[in-house]
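The values are calculated or read from the model by the stated rules, or taken from the named source; none is laboratory data. All figures in this text were calculated on a predicted structure; none of them were measured in a lab. FYI the Cβ positions are ideal-geometry reconstructions off the backbone, even for glycines, and counts take in every protein chain you see. The accessibility values were calculated without ligands, DNA or RNA, using every heavy atom of the protein model including side chains. Shrake-Rupley method; radii C 1.70, N 1.55, O 1.52, S 1.80 Å.
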Amino acid sequence: MRYPDSGGQTPAERARRERVRFEAAKMFEQGIRPPEVAERLRISRKSAYAWHRRWASGGTEALRSKGPSGRPSRIRPEWRAWLETELERGPAAHGWTEDQRWTLARISTVLARHFHVSPSVPQMWRILHQMGWTAQIPQHRAAERDDEAAATWIKKTWPRVKRP
């Protein structure tokens, strides 16, 4: 699937795009040809011709937005609030004590245990993305690192060895 997140558009962006289609419908009513509509509205000719076909067969209503494509999520909005709380509790609260990292598979398992719905890993990522969560990558630092010694080196030695 090319656009997993509603075509990459928010409801406000879909509404704006719908207004552009309605504007195109007004131009079609005035007898303006699709290439001219495309140029005036700064859209592709392909879109203008497709909108013209839909307008010709069903009028302005045929250009109304149908909402986000695809099947609606089986994950209910109230479940997302519950999931947010459970994610804050951490993996240890759900039995993963060997490391304290959430993985998509673990989160999916938590949902499956509680709600008997098991989203796929890509679907789980989309849900978390919609909830505002991002991937976190742990920092890899040398165990021997001495931040104090590094700061001292930067202040005293670096100015002497740095080229002017």
Unique match (being more than 25 Å from the chain's Cα centre (by Cα), open to solvent by 80 Å² or more (accessible area, probe 1.4 Å) and β-branched (Val, Ile, Thr)) among ILE137, ILE154: ILE154
Does ALA142 count as of a type in the set (Gly, Ala, Ser), in a helix (DSSP H, G or I) and open to solvent by less than 100 Å² (accessible area, probe 1.4 Å)? no
Candidate set: region 15-31, residues that are open to solvent by 30 Å² or more (accessible area, probe 1.4 Å) and among the hydrophobic types (A, V, I, L, M, F, W, C); chosen: the one nearest to LYS46 (Cα to Cα): PHE22
Filtering region 61-79 down to residues that are in a helix (DSSP H, G or I) and open to solvent by 50 Å² or more (accessible area, probe 1.4 Å), which residue is nearest to GLU18 (Cα to Cα)? GLU61
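Given the criterion surrounded by 12 or more Cβ atoms within 10 Å (Cβ to Cβ), touching a helix residue (DSSP H, G or I) at 6+ places or on another chain (Cβ under 7 Å) and either in contact (Cβ under 8 Å) with a residue 60 or more places away in the chain or not in a helix (DSSP H, G or I) (or both), identify the matching residue among TRP102, TRP51, TRP55.
One residue alone meets the criteria, TRP102.
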Out of everything in region 105-124 that is in contact with a helix residue (DSSP H, G or I) (Cβ under 7 Å, 6 or more places away or on another chain) and part of a loop (DSSP other than H, G, I, E, B), what residue ends up being surrounded by the most Cβ atoms within 10 Å (Cβ to Cβ)? PRO119
Being within 15 Å of GLN130 (Cβ to Cβ) and over 19 Å from the mean Cα position of the chain (by Cα) is true for just one of GLU98, GLU78, GLU61. Which residue is that? GLU78
